[in-house]
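Here is the structure we will look at, set down as structure tokens.
The values are calculated or read from the model by the stated rules, or taken from the named source; none is laboratory data. Everything numeric here is computed off the predicted structure, so don't read it as measured data. We place every Cβ from the backbone using ideal geometry, glycine too, and count neighbours over all the protein chains shown.
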Amino acid sequence: MLFFLISPTPAHAFNLLEFLFPTTQMVNSTRSAPGPALAPEVVSNNTYSNTLVGNTIICNGQTSIGKTWPPVQQDTGTTDSNGNHIYEYVPYDANGPITGQMDVKNLSNNYYRDFQTFFARGSIKCTEAEVKDAFTDFNADGSSASLRATSSRQIAYYRSQLLVEVAQSLNQKNPVDTVVQDYQIAWSCGGTCQELTTSSDTSSCRPVYLSELLFGLQNESLYYSTSNSTPTTFPSDIISAINSYYPTSYSSRSKGKTFSPLSVDTYKLMYNQINFVPKGNVNSQVTVVNYNGYDQNSDSPINPVPTTFNRTLPNAAAATSDVGNLTFMTYSGQNNLPGASLCDNVTTNSESAQDQTVDASIPLYVNGTIKSNVPPGTTYSKTIHTDVSSTTDDQVVTNAQINEKAYANLIPASTLKNKNLSTAAFSSTTTTNQNNPIPDPGNRADLLYQQMKSYLRPASWP
């Protein structure tokens, strides 16, 4: 079994990893066809693929905001013997708003980045020689463990199913809750394939998206309805959708670029490189309850205003892939590691986050008069708790457990025990949201990955 290793030259490895896996800073996202890829492993920074309709996990909790009002003085209209105005303390009303902010932009662990690196990496090469080099390359731009350790028959099945989901993801009139995105895989420059990360000028080139392979290979017998079935051409409804998408919708999406097909041989070369583990971003959500009033009799906020914010998780589509994709690293009957609860037993991760979601803080507020007639000379303080909840696709959580099992199989039992890896917290928060119920799954999977990686490279490598 062959696995990903980091380049032995420290400076080169750092630069290459930063190029292929740059820090991801998400912008406000929508469920739509993504724009051009930032890099092979960061396929879009402005879209997410799932609608969060269906099976989700919600973590509930509270955050707090507060305010202090100083004593109020009023001019009495008189002066002392020196002519100075005389002030006196008077009753006052402690009026809102009480405001605050909740920072949720920093991911608390590198779970998504690690999964993408180990299972879903690999970019499209444009020549057979480059394809062969990439498969035997253990650097960051080589093939992933999922392609190296899965039978060709299973890969053929998974690839065909991935392309079907790609076609479904294009249907924006009737959205399909899928984790797959139609991401860019290469450039077409005058009908010639060019790698996505090419350093040459691509202003006259057009983007090649994953769905284009369905267009170019629609007459080929590449579709498997099951892993044991005989391959056929892709279903007619899928091909019909693709043929209606190209070229009209393609040109609109690609800012007027003219579509012209590549050769069938080029499409076949690309198809045989597809990693069946999907790429892209997955949505999660944070809901806060603010208040447009305050009842002094009950000493509680009233008129709730629930507001939901999208919190896109970069590279998380890979983490929601079919759990069957990881069976090559688990065994039948293997149990999950204990205590895999998303909402409970959350640890705080103090490390600086490499990847970020929407670059904004969530505003918190309570309006109204909080207390009337505060006694003269009195400082008044009030802290109010507001409800917060976070919603996560349960497939992300389920596959984090599968990932844990896969990684744990490559780590000695003595190490798992001595380093308390099996009992580490399943999810984590950042230092900025540690008091809020916004956990990121995969904390323990991240720790296991780091340990596993250390066993898969020579000790002399940093």
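Would you say residue 422 is surrounded by 22 or more Cβ atoms within 10 Å (Cβ to Cβ), in contact with a Lys or Arg (Cβ under 9 Å, 6 or more places away or on another chain), in contact (Cβ under 8 Å) with a residue 40 or more places away in the chain and among the hydroxyl-bearing types (Ser, Thr, Tyr)? So residue 422 fails the test.
Only residues that are more than 22 Å from residue 318 (Cβ to Cβ) and among the hydroxyl-bearing types (Ser, Thr, Tyr) were counted across segment 387-426, and they come to 5. Sub-8 Å Cβ pairs linking a first residue in segment 372-395 that is assigned by TED's automatic domain parsing to the domain that holds residue 343 and of a type in the set (D, E, K, R) to a second residue that is at pLDDT below 95 and outside any strand (DSSP E or B), at least 6 apart or interchain, are 393/50; 393/52; 393/55; 393/179; 393/320; 394/55, ordered by first then second residue.
Determine if segment 291-314 includes at least one residue that is in a loop (DSSP other than H, G, I, E, B), crowded, with 24+ Cβ neighbours inside 10 Å and in contact with an Asp or Glu (Cβ under 6 Å, 6 or more places away or on another chain). Within segment 291-314 (the criterion being in a loop (DSSP other than H, G, I, E, B), crowded, with 24+ Cβ neighbours inside 10 Å and in contact with an Asp or Glu (Cβ under 6 Å, 6 or more places away or on another chain)), the answer is yes, since at least one residue qualifies.
The condition of being aliphatic (A, V, I, L, M), assigned by TED's automatic domain parsing to the domain that holds residue 342 and touching a residue at least 60 places away in the same chain (Cβ under 8 Å) holds for only one of 289, 208, 277, that being 289. Taken together, 106, 84, 171 contain a single residue that is touching a residue at least 60 places away in the same chain (Cβ under 8 Å) and more than 23 Å from residue 55 (Cα to Cα), which is 106. Mind checking whether some residue in segment 236-247 is surrounded by 14 or more Cβ atoms within 10 Å (Cβ to Cβ) and free of Cβ contacts under 8 Å to residues at least 12 places away in the same chain? No, segment 236-247 contains no residue that is surrounded by 14 or more Cβ atoms within 10 Å (Cβ to Cβ) and free of Cβ contacts under 8 Å to residues at least 12 places away in the same chain.
Would segment 270-289 turn up any residue that is more than 30 Å from residue 403 (Cα to Cα) and at pLDDT 90 or above? Within segment 270-289, one or more residues are more than 30 Å from residue 403 (Cα to Cα) and at pLDDT 90 or above.
Would you confirm whether or not segment 418-432 contains a residue that is touching a strand residue (DSSP E or B) at 6+ places or on another chain (Cβ under 9 Å) and at pLDDT below 85?
So far as segment 418-432 goes, yes, one or more of its residues are touching a strand residue (DSSP E or B) at 6+ places or on another chain (Cβ under 9 Å) and at pLDDT below 85.
Yes or no: residue 183 over 23 Å from residue 205 (Cα atoms) and crowded, with 18+ Cβ neighbours inside 10 Å?
Against the criterion (over 23 Å from residue 205 (Cα atoms) and crowded, with 18+ Cβ neighbours inside 10 Å), residue 183 does not qualify.
Within the set 198, 226, 248, the sole residue that is at pLDDT below 95 and closer than 19 Å to residue 269 by Cβ turns out to be 198. Residues of segment 432-451 include none that is part of a loop (DSSP other than H, G, I, E, B), over 30 Å from residue 105 (Cβ atoms) and either in the same structural domain as residue 335 (by TED's automatic domain parsing) or under 26 Å from the mean Cα position of the chain (by Cα) (or both).
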